[in-house]
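Everything below concerns the one structure shown next.
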Amino acid sequence: MLTTTRKSPHHIHFSWKSFGKIAAYSILFFAFIFSIAKLRNSEYFPIHNVQVVGVQHISHQEIQEKVMPFVNNGFFSVDVDRIKEQIMQIPWVQHVFVRRIWPNKVLITVDEKVPLAIWNDSSLLSAAGELFSPATKTYPNDLPVLIGQQGEQILMTQYYAKMSEVLLPLHYKITKLELSPAMAWTITLENGIKLNIGHKDVLTRLVHFVKVYPKIVGERVADVEYIDLRYPNGMAVRWKQSHNI
């Protein structure tokens with residue numbers, strides 16, 4: 001009679017060699033994790049150099065005060081995201097990029113907002129139409145002043161650019177641009193002349209002024225009090241000596 005012997009389905013072949021490999025890999029893995037954790041929470045590889053580039057209106061001291069609490073430990077413990085958060089709190093900052101450079105350096109690159117004008121004597125207006133309020137002592141000296149209602153800054157930014165282009169032939173910059181609640185425009189030029197433009201055909205009136213400026217004003221800039229452009233077919237000049245044209 002032929003007989004067969006079956007292995008039990010519950011029979012497990014145990015290998016000390018395989019167990020040893022698994023144990024060795026496990027030890028290496030946990031040793032690696034432990035080492036990384038220790039490096040991230042230690043003072044190994046201290047930061048010796050924090051380089052800041054791209055700043056013009058922000059002092060290095062202000063950046064340093066924001067950054068130093070996060071670079072006092074080692075290279076691996078530098079919290080790049082926290083540094084970004086701290087620097088972004090500075091009003092001048094548009095973007096910031098932070099990199100660790102092996103073995104002991106942190107590089108901080110700052111993109112500052114581009115100021116276009118002083119807004120209502122209380123804040124700055126960026127070229128993108130954004131209002132921001134840094135310390136007054138950091139304001140650039142040559143910025144024009146824009147006076148208008150809250151929410152009109154985008155419109156005024158656009159008109160400031162268009163008006164400046166129209167005035168280019170005169171070589172005089174706008175030092176103050178005002179927009180009243182009634183939407184009437186007033187310009188003050190760097191030569192001291194004030195232009196009352198009104199709310200209609202603003203750019204057309206300004207173009208006409210540029211064309212006739214040499215004949216009407218000429219060399220008498222210092223004698224002009226203001227010029228009224230609100231007339232449909234001309235303009236009126238108010239002379240300081242009360243001589244009208």
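The values are calculated or read from the model by the stated rules, or taken from the named source; none is laboratory data. A quick note: this is a predicted structure, and the numbers were derived from the prediction, not measured. Every residue, glycine as well, gets a Cβ built from its backbone with ideal geometry; the counts of neighbours run over all protein chains shown. Note: areas computed on protein heavy atoms with side chains; ligands, DNA, RNA excluded. Shrake-Rupley method; radii C 1.70, N 1.55, O 1.52, S 1.80 Å.
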Residue hits (the range 99-113; among the β-branched types (Val, Ile, Thr), at pLDDT 95 or above and surrounded by fewer than 21 Cβ atoms within 10 Å (Cβ to Cβ)) are Thr109
Screening Tyr159, Tyr172 for residues that are assigned to a loop (DSSP other than H, G, I, E, B), open to solvent by 40 Å² or more (accessible area, probe 1.4 Å) and hydroxyl-bearing (Ser, Thr, Tyr) leaves only Tyr172
Among Pro232, Pro181, the single one that is within 21 Å of Ala117 (Cα to Cα) and open to solvent by 90 Å² or more (accessible area, probe 1.4 Å) is Pro181
Answer yes or no: is there a residue in the range 185-201 that is among the acidic types (Asp, Glu) and outside any strand (DSSP E or B). yes
Flagged in the range 53-87 as of a type outside the set (Ser, Thr, Tyr), closer than 24 Å to Asn141 by Cα and without any contact (Cβ under 8 Å) to a residue 60 or more places away in the chain, in numbering order, are Val53, Gly54, Val55, Gln56, His60, Gln61, Glu62, Ile63
Result of the Cβ filter at 7 Å on the range 109-129, keeping first residues that are free of Cβ contacts under 8 Å to residues at least 12 places away in the same chain and partners that are open to solvent by 30 Å² or more (accessible area, probe 1.4 Å), at least 6 apart or interchain, is Ser123/Leu131; Ser123/Ser133
(1) touching a strand residue (DSSP E or B) at 6+ places or on another chain (Cβ under 6 Å); (2) of a type outside the set (Gly, Ala, Ser); (3) under 27 Å from Phe132 (Cβ atoms) all hold for Met235 apart from (3)
(request) Would you mind stating whether Glu165 is in a helix (DSSP H, G or I), among the charged types (D, E, K, R) and within 25 Å of Ile118 (Cβ to Cβ)? (result) yes
Given (1) in contact with a helix residue (DSSP H, G or I) (Cβ under 8 Å, 6 or more places away or on another chain); (2) modelled with pLDDT of 95 or more; (3) open to solvent by less than 30 Å² (accessible area, probe 1.4 Å); (4) closer than 27 Å to Gln149 by Cβ, Leu116 misses just (3)
**Study point:** Test: Tyr213 is in a loop (DSSP other than H, G, I, E, B), open to solvent by less than 80 Å² (accessible area, probe 1.4 Å) and either at pLDDT below 95 or among the charged types (D, E, K, R) (or both)
**Key:** no
> In this structure, is Ile47 under 30 Å from Ile154 (Cα atoms), open to solvent by less than 30 Å² (accessible area, probe 1.4 Å), in contact with a helix residue (DSSP H, G or I) (Cβ under 9 Å, 6 or more places away or on another chain) and aliphatic (A, V, I, L, M)?
Replying inline: no
Those residues of the range 130-147 that are touching a Ser or Thr at 6+ places or on another chain (Cβ under 8 Å), part of a loop (DSSP other than H, G, I, E, B) and surrounded by 14 or more Cβ atoms within 10 Å (Cβ to Cβ) come to a total of 1
